[in-house]
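The values are calculated or read from the model by the stated rules, or taken from the named source; none is laboratory data. Nothing here was measured: the structure is a model prediction, and the numbers come from that model. Note that each Cβ is placed from the backbone with ideal geometry, even for glycine, and that neighbours are counted across all protein chains shown. Heavy atoms of the whole protein, side chains included, go into the accessibility calculation; ligands, DNA and RNA do not. Shrake-Rupley method; radii C 1.70, N 1.55, O 1.52, S 1.80 Å.
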Amino acid sequence: MREEERAYAWAEALCRYAGADEAFFQDFWGRLKADEEIYEEFVYYLEHQDFLCKVKIEGYGLVDLMVFQIDHFRAVMDQDVADMRLNKDKMLLMAFNSLLRMRKDPEPFVRAMQGQTGTDRQ
């Protein structure tokens with residue numbers, strides 16, 4: 001199977017495991033394929049189950065987003081992450097999705113990551 005076919009199948013599976021619908025998958029795949037560097041990160045993770053950490057946007061990368069999103073995205077970015085702690089596929093998918101969104105508009109992500117301390121837990 002070619003790299004792109006494998007990446008497509010894996011993206012589709014991640015979306016399915018994360019509970020995302022077909023519309024989300026198609027949108028995600030289109031944005032992923034349009035960004036060569038983030039696509040490279042995605043394929044690297046697929047092949048190595050590790051992070052390439054090559055893409056940095058305003059100094060932040062995929063791992064930074066993964067760490068941050070667990071405690072903060074629900075409040076900060078209006079994303080439901082209640083099940084993300086138990087669903088590692090969703091955590092990974094949302095980190096890639098956030099990196100793609102951050103590429104287009106980094107300011108809200110940078111502001112959130114710099115302004116949140118994680119001390120507001122209930």
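Of the residues G30, G61, which single one is of a type in the set (G, A, S) and crowded, with 18+ Cβ neighbours inside 10 Å? Result: G61 is the single residue among G30, G61 that is of a type in the set (G, A, S) and crowded, with 18+ Cβ neighbours inside 10 Å.
Does V55 count as buried (at least 16 other Cβ atoms within 10 Å of the Cβ), assigned to a helix (DSSP H, G or I) and modelled with pLDDT of 90 or more? Here the answer is no, as V55 does not meet what is asked.
For region 25-42, which residues satisfy the criterion of being touching a residue at least 40 places away in the same chain (Cβ under 8 Å) and part of a helix (DSSP H, G or I)?
Residues satisfying the conditions are F28, R31, L32, I38, E41, F42.
H48 passes every criterion in (1) open to solvent by less than 70 Å² (accessible area, probe 1.4 Å); (2) at pLDDT 95 or above apart from (1). Within region 34-52, the set of residues being over 12 Å from R6 (Cα atoms) and more than 13 Å from the chain's Cα centre (by Cα) comprises A34, D35, E36, E37, E40, H48, Q49, D50, L52. Taken over region 1-27, residues that are surrounded by fewer than 16 Cβ atoms within 10 Å (Cβ to Cβ), under 22 Å from V55 (Cα atoms) and hydroxyl-bearing (S, T, Y) amount to 0.
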